[in-house]
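Worksheet: one structure, shown below.
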Amino acid sequence: MTKKDLRVIKTLKSIDDAIVALLKDKKFEDITVKDICEKAMINRGTYYSHYKDKYALIKSYQKSLIEGAESLIYKNITGDSLIEIADHQVKDMLEQLFEYIEYNQMKIYATALAVGRVEFMEDFSKHMYRIYRLKQKELNIHLSDEALSEYLITYVSNAHLGIIYRWLENGCKETPKEMAEMLELMTITGVFKTVLTKEKDE
């Protein structure tokens, strides 16, 4: 890694720390680029070389969080059947997802405060639904009842997001592994197996 790369990383980290610190005392709409630069101890030219304005900063967080979550899901979920996926892969994916969320908790915190908790949850939920839906089609996994399939993905994506957000609000007290086991118990052992049993009976 070059010295220039290290300087950029340090600058971006300073900006991240600055916006998080500022949001503890001010509403996002009251924060200016000048405030961010002063807190990060950088000049405006440096800030504008990375972000057009304060909104671009938050949008970059949203984009990177979605892309990171999508990458984890796509990398870890493979197979030819819902049973195979449920039994062998979801737990590992969930643990890595919780590790990713824990590592990026300050960006999530800043984004939620900037755009509002409800809007943040709704936006992320839509993206999670899209990711799960695309993965379902990619693996050619179909339930006999299309409405059930749609509601199942809606339920899972919203349940996962709600639990993740509560974990963050509680300060990430449980380990990613503990959270993955908890979510696996609720989602895979509970909902997925209920659906699979229904499919077999039909």
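Structure above, values below:
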item	result
Spans of helices (runs of 4 or more DSSP H) in segment 1-53 with at least 3 residues within 25 Å of the chain's Cα centre (by Cα)	3-23
Counted residues, segment 1-37 - those being over 19 Å from Tyr109 (Cα atoms) and surrounded by 13 or more Cβ atoms within 10 Å (Cβ to Cβ)	3
First in segment 10-35 and within 19 Å of Tyr103 (Cα to Cα), second anywhere and at pLDDT below 95 and of a type in the set (Ser, Thr, Tyr), Cβ under 7 Å, 6 or more apart	Val20/Tyr109
Helices (runs of 4 or more DSSP H) completely within segment 86-202 that count 1 or more residues being within 27 Å of Val20 (Cβ to Cβ) and modelled with pLDDT of 85 or more	90-103, 105-115, 117-138, 146-169, 176-184
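The values are calculated or read from the model by the stated rules, or taken from the named source; none is laboratory data. Just so it is clear, the model here is predicted, and its values are computed rather than measured. Every residue, glycine among them, receives a Cβ derived from its backbone with ideal geometry; neighbour counts consider all protein chains shown.
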